[in-house]
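S.K.: This is the structure, below, for whatever I ask next.
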Amino acid sequence: FSILTSATDQDIKTVTAARPDTLLYKGIGISWHHIRPSFKIPAFADFRVRKALQLAIDYQELADGFYGPGSNFTGPVFSGFAEAWNSDKIRTLPGYNKDTKAKDREEAAKLLAAAGYTNGDKLEFEIMHKPKADNRENALRLQAQLAKQFPGIKVTIKAPETAVFDKAQAGKDFQSISNDSTMAPDAVLEGYARWHSKGSRNYGGFENAEADAMLDKALGELDMKARQDILNQFQQKWVDEWMPHIQFYATPTRHFIQPNIGGFDKAMGPWDSGRGITHKTNLIYEV
């Protein structure tokens, strides 16, 4: 059968105009976009700088810029988990809350000034992006947003080939990266991999004894309510005191499929995120 996955807003317009009978399935996937700073860079080792950038960004512009409407916001732990802050909660937080954006940007300017980078002066860093269109556009839009908010800032973009990017990320040899990641199968494992000092995907080099202790405790906790309480504390600290990287949005999933196929709604879901759909042929049939 014929299928088009990961359709952008323009893809949707093009396909529906050419084939109005085509079936379109929409949802939120299990991947999330972010910018990850390296703690080896002196400026990024300062929480005030990381927090200032987080407060200044227009997340809706980033989310809508490539995919169009339909993305969700996600927090320190992927918002699809029961123990995690959901998208509605994230939208109330400073930086993500559109109603407090002006105030948040004023606070961002104060934080940068306190860190020694008034108006962004003397703050220079490179964003290395994975060689995918959405990662590239996120990097470019972020570059433009920060230049507008902080005229003195100097952000450059680096676009290596996939092998070079992967080696630099794994070796923690970067200043900052624009990338997307796929959630782990468990909320605590998700946090451990990304934020524990021994985490396999803690590429930015974030280390915090309190964060490690919370994740270690949660890892051995089987009671869902207790796990949720630990991760709630973890997420609050993450936002208020740590900010090891900046979450952009959870990627929407859009799948076009030919009109004579049934059962696709049983194969498509947040567990798939566009991957492996064609392997679920036992759930798909011709009508």
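The values are calculated or read from the model by the stated rules, or taken from the named source; none is laboratory data. This one's a predicted model, so the numbers in the text were calculated from it and none came from an experiment. For neighbour counting, all protein chains shown are included, and Cβ atoms are generated from backbone atoms with ideal geometry for every residue, glycine included. When the accessible area is computed, the model is the full protein with side chains, heavy atoms only, and any ligands, DNA or RNA have been set aside. Shrake-Rupley method; radii C 1.70, N 1.55, O 1.52, S 1.80 Å.
S.K.: Scan region 192-227 residue by residue and report those that are of a type outside the set (Gly, Ala, Ser) and within 25 Å of Tyr59 (Cβ to Cβ).
M.R.: Answer for region 192-227, where residues must be of a type outside the set (Gly, Ala, Ser) and within 25 Å of Tyr59 (Cβ to Cβ): Arg194, Trp195, Arg201, Asn202, Tyr203, Phe206, Asn208.
S.K.: Mind listing whichever residues of region 1-26 are in a helix (DSSP H, G or I), open to solvent by 60 Å² or more (accessible area, probe 1.4 Å) and under 18 Å from Asp134 (Cβ atoms)?
M.R.: Those that are in a helix (DSSP H, G or I), open to solvent by 60 Å² or more (accessible area, probe 1.4 Å) and under 18 Å from Asp134 (Cβ atoms): Gln10, Lys13, Thr14.
S.K.: Can you tell me which residue in region 125-152 is most open to solvent (accessible area, probe 1.4 Å), limited to those that are over 17 Å from Phe44 (Cβ atoms), outside any helix (DSSP H, G or I) and touching a residue at least 40 places away in the same chain (Cβ under 8 Å)?
M.R.: Ranking the qualifying residues of region 125-152, first place goes to Lys132.
S.K.: In the set Gln258, Gln233, Gln247, which member is among the polar types (S, T, N, Q), farther than 20 Å from Asp11 by Cα and open to solvent by 30 Å² or more (accessible area, probe 1.4 Å)?
M.R.: Within the list Gln258, Gln233, Gln247, the selection yields Gln233.
S.K.: Another one. Among (1) of a type outside the set (Gly, Ala, Ser); (2) more than 23 Å from Tyr203 (Cα to Cα); (3) out of contact with any Gly (no Cβ under 7 Å at 6 or more places or on another chain), there is one condition Lys26 misses while meeting the rest; what is its number?
M.R.: Unmet condition: (3).
S.K.: Here's a follow-up. If you check Lys122 against the conditions, is it loosely packed, with under 15 Cβ neighbours inside 10 Å and within 16 Å of Tyr59 (Cβ to Cβ)?
M.R.: Taking the combined requirement at face value, the residue does not satisfy it.
S.K.: When you go through (1) open to solvent by 60 Å² or more (accessible area, probe 1.4 Å); (2) over 21 Å from Leu93 (Cβ atoms); (3) within 22 Å of the chain's Cα centre (by Cα) one by one for Arg48, which number turns out not to apply?
M.R.: Going through the list (1) open to solvent by 60 Å² or more (accessible area, probe 1.4 Å); (2) over 21 Å from Leu93 (Cβ atoms); (3) within 22 Å of the chain's Cα centre (by Cα), Arg48 breaks only (2).
S.K.: Follow-up. So, of the residues in region 27-78 that are part of a loop (DSSP other than H, G, I, E, B), in contact with a Phe, Trp or Tyr (Cβ under 7 Å, 6 or more places away or on another chain) and closer than 22 Å to Lys101 by Cα, which turns out to be modelled with the lowest pLDDT?
M.R.: Ser71
S.K.: Residue pairs, Cβ under 7 Å, 6 or more apart or interchain, first in region 101-118 and in a helix (DSSP H, G or I), second of a type in the set (S, T, N, Q) and buried (at least 18 other Cβ atoms within 10 Å of the Cβ). List them.
M.R.: Arg105/Gln149
S.K.: Kindly indicate whether Phe256 is closer than 30 Å to Ala43 by Cα and not in a helix (DSSP H, G or I).
M.R.: So Phe256 does not fit the description; no.
S.K.: Given (1) surrounded by fewer than 20 Cβ atoms within 10 Å (Cβ to Cβ); (2) more than 16 Å from His245 (Cα to Cα); (3) touching a residue at least 40 places away in the same chain (Cβ under 8 Å), where does Glu83 come up short, assuming only one miss?
M.R.: (1) is the only condition that Glu83 fails.
S.K.: Please determine, by comparing only the residues of region 195-206 that are touching a residue at least 60 places away in the same chain (Cβ under 8 Å) and within 17 Å of Phe174 (Cβ to Cβ), which one is most open to solvent (accessible area, probe 1.4 Å).
M.R.: Step by step, filter region 195-206, then rank; the result is Tyr203.
S.K.: Oh, and also: Of the conditions (1) within 23 Å of Ile35 (Cβ to Cβ); (2) touching a helix residue (DSSP H, G or I) at 6+ places or on another chain (Cβ under 9 Å); (3) open to solvent by less than 70 Å² (accessible area, probe 1.4 Å), Met214 satisfies every one except a single condition; which number is it?
M.R.: Going through (1) within 23 Å of Ile35 (Cβ to Cβ); (2) touching a helix residue (DSSP H, G or I) at 6+ places or on another chain (Cβ under 9 Å); (3) open to solvent by less than 70 Å² (accessible area, probe 1.4 Å) one by one, Met214 breaks only (1).
S.K.: Answer yes or no as to whether Phe264 is within 30 Å of Thr16 (Cα to Cα), modelled with pLDDT under 95 and crowded, with 16+ Cβ neighbours inside 10 Å.
M.R.: It is true that Phe264 is within 30 Å of Thr16 (Cα to Cα), modelled with pLDDT under 95 and crowded, with 16+ Cβ neighbours inside 10 Å.
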